[in-house]
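The values are calculated or read from the model by the stated rules, or taken from the named source; none is laboratory data. Keep in mind the model is a prediction, meaning the values are calculated, not measured. Cβ placement follows ideal geometry from the backbone for every residue including glycine, while neighbour counts extend to all protein chains displayed. Ligands, DNA and RNA are stripped out before the accessible areas are found, and what is left, the full protein with its side chains, is counted by its heavy atoms. Shrake-Rupley method; radii C 1.70, N 1.55, O 1.52, S 1.80 Å.
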Amino acid sequence: MSKKHFLGWALMLLLLAGCTPDTPENEASAHRNDLVLGASARDFLSDEVFTSLELEVVYVTGYEPAQEALQSLVTFLNRYTNKPGGISIRPRAIASPEVGTYSIEEIKNVEKKNRTVFSKDEKLAAFIFFADDKSEDSEEKHRILGKAYMNTSLVIFENEIDEMAGSVSKSEIQTVTLHHEFGHLFGLVNNGTPAQSEHEDPEKKNRAHCSVEGCLMAAAIEFSSSPLSFLEDGQAVLDFDDKCKLDLKANGGK
Ligand SMILES: [Zn+2]
Ligand SMILES: [Zn+2]
């Protein structure tokens, strides 16, 4: 894996203020999948309850995620989570739900109808939906590429990514979006995983994001100027800054 700084990207991704989550409850009922975002942070990070992780990847036919993006996700998860039993991916295509732009309620309905992998014994399960349209909350200047919406669930909006791809490839945008949304499942910032230092974005609409410029968990991701970007298997990837990394370690992660 080559790891070097990667500067000079032209594109700025306005990802993420749209993924501001609900207030977490943090009661541990480890095997449930209907809890608020961040509630399973420690279950993802540590091996105390779950020693392996299975990702159910459901995509609308024609919107299959790039292999590089899924491979990079496994590398990323191995880097930050303690899962000695391994991390596996189970991809599956479905027909379009034909709802047009998606509300979170509609996304949750898709999950209800299509999710088949659930946490069991020592295996933690997560659900990833590659949607065939945008978020209904997306705007020209405020694009929403993905959203982690419950404790083990996230969605990626493929139409949005298609439109943004250019100097940055589609698989690179998928990769960074997947990693960012997993950062939310990991409870960052201060949303299930307590911040060890003050680095939560002070703007209310950017809650649960990182105030360190260039961090993977920044509300608006800037490829162009991030000193935390690097090349991995030929793909440009962003990483967490040291403050986010420390939070993950302190909550049972690597
Ligand atoms: Zn976010
Ligand atoms: Zn950070």
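At least 3 residues being modelled with pLDDT under 95 is the threshold, and among the strands (runs of 3 or more DSSP E) wholly inside region 146-254 those reaching it are 229-232, 235-238.
For region 130-145, a tally of residues being out of contact with any Ser or Thr (no Cβ under 8 Å at 6 or more places or on another chain) and modelled with pLDDT of 95 or more returns 2.
Out of 110, 117, one residue alone is closer than 19 Å to residue 30 by Cβ, more than 16 Å from ligand 1 (Cβ to nearest atom) and either open to solvent by 40 Å² or more (accessible area, probe 1.4 Å) or not in a strand (DSSP E or B) (or both). It is 117. Within the set 249, 205, 243, 254, the sole residue that is within 12 Å of ligand 2 (Cβ to nearest atom) and open to solvent by 60 Å² or more (accessible area, probe 1.4 Å) turns out to be 243.
Residues in region 77-92 that are exposed (fewer than 14 other Cβ atoms within 10 Å of the Cβ) and hydroxyl-bearing (Ser, Thr, Tyr): 0 in all. If I ask for residues that are closer than 30 Å to residue 220 by Cβ and among the hydroxyl-bearing types (Ser, Thr, Tyr), which ones from region 107-144 would you list? Across region 107-144, the qualifying residues are 135, 138. Filtering region 173-186 for residues that are touching a helix residue (DSSP H, G or I) at 6+ places or on another chain (Cβ under 7 Å), open to solvent by 10 Å² or more (accessible area, probe 1.4 Å) and either under 26 Å from residue 231 (Cβ atoms) or more than 16 Å from ligand 2 (Cβ to nearest atom) (or both) leaves an empty set.
Name every residue in region 59-112 that is of a type in the set (Lys, Arg) and without any contact (Cβ under 8 Å) to a residue 12 or more places away in the chain, in order of residue number. Give the derivation first.
First, the residues of region 59-112 that are of a type in the set (Lys, Arg): 79, 83, 90, 92, 108, 112.
Scanning region 59-112 gives a single hit, 112.
Among the residues of region 49-68, those that are among the acidic types (Asp, Glu) and either open to solvent by less than 10 Å² (accessible area, probe 1.4 Å) or assigned to a strand (DSSP E or B) (or both) comprise 54, 56.
Scanning region 197-212 for residues that are within 15 Å of ligand 1 (Cβ to nearest atom) and either farther than 19 Å from residue 45 by Cα or among the acidic types (Asp, Glu) (or both) returns 199, 200, 201, 203, 204, 205, 206, 207, 211, 212.
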